[in-house]
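Just so it is clear, none of the values below were taken in a lab; they were calculated from the coordinates. Every value quoted in this text rests on a predicted model; they were computed, and no experiment measured them. Here the Cβ positions follow ideal geometry from the backbone for every residue, glycine too, while neighbour counts run over all protein chains shown.
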Amino acid sequence: MVLKWHKIAEDISELNISPTGLTEIEIAGKKICIAVYNNTLHACAAKCPHASGVMAQGHIDAVGNIICPLHRYKFALQNGRNVSGEGYFLKTHPIEVKKEGVFIGIIQNSLF
Ligand code: FES
């Protein structure tokens with residue numbers, strides 16, 4: 001497995017972040033939820049690990065958890081830990097803003 005970086009935008013403004021601080025993109029065949037909390041970008045799986053709620057349709061709470069719109073499970077944006085105690089884990093991805101653009105890291109199964 002290898003972490004591959006993909007450019008997703010020239011600039012954060014191209015990401016069409018909603019007023020809730022969330023949006024969904026598709027890159028390398030994967031749908032990814034992008035979140036902005038405290039002026040920092042985070043990236044996680046687009047679907048909730050519980051029952052496939054669309055995370056970009058949820059919201060972010062005051063301490064930086066993303067909340068699924070379906071059953072309101074909470075996950076820490078920093079590491080995907082389920083902080084509402086139900087034992088699920090939301091996959092997260094590294095995301096970086098550089099002067100060349102916005103990049104997301106996705107683990108892929110092969111080098112090619
Ligand atoms: S689908 Fe997300 S909490 Fe149930």
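Suppose the filter is within 12 Å of the chain's Cα centre (by Cα) and of a type in the set (Asp, Glu); does GLU86 pass it?
Taking the combined requirement at face value, the residue does not satisfy it.
Quick check on my filter: what residues within the range 19-53 are near the ligand (Cβ under 9 Å from one of its atoms) and on the phi < 0 side of the Ramachandran plot?
Residues satisfying the conditions are LYS47, CYS48, PRO49, HIS50, ALA51, GLY53.
Could you check the range 73-112 and list, in sequence order, the residues that are in a loop (DSSP other than H, G, I, E, B), basic (Lys, Arg) and farther than 16 Å from CYS33 by Cβ?
Residue satisfying the conditions is LYS99 alone.
Give just the number: which of (1) hydroxyl-bearing (Ser, Thr, Tyr); (2) over 20 Å from LEU3 (Cα atoms); (3) surrounded by 13 or more Cβ atoms within 10 Å (Cβ to Cβ) does THR92 not satisfy?
Every listed condition holds for THR92 apart from (2).
Are any of the residues in the range 31-43 among the hydroxyl-bearing types (Ser, Thr, Tyr) and under 23 Å from ASN109 (Cβ atoms)?
no
ASN79 passes all but one of (1) loosely packed, with under 15 Cβ neighbours inside 10 Å; (2) in contact with a His (Cβ under 9 Å, 6 or more places away or on another chain); (3) within 17 Å of ILE107 (Cβ to Cβ); which number fails?
The one condition ASN79 does not meet is (2).
List the strands (runs of 3 or more DSSP E) inside the range 25-69, counting only whole elements, that have at least 2 residues being among the aromatic types (Phe, Trp, Tyr) and within 23 Å of VAL97 (Cα to Cα).
Where strands (runs of 3 or more DSSP E) fall fully within the range 25-69, none carries at least 2 residues being among the aromatic types (Phe, Trp, Tyr) and within 23 Å of VAL97 (Cα to Cα).
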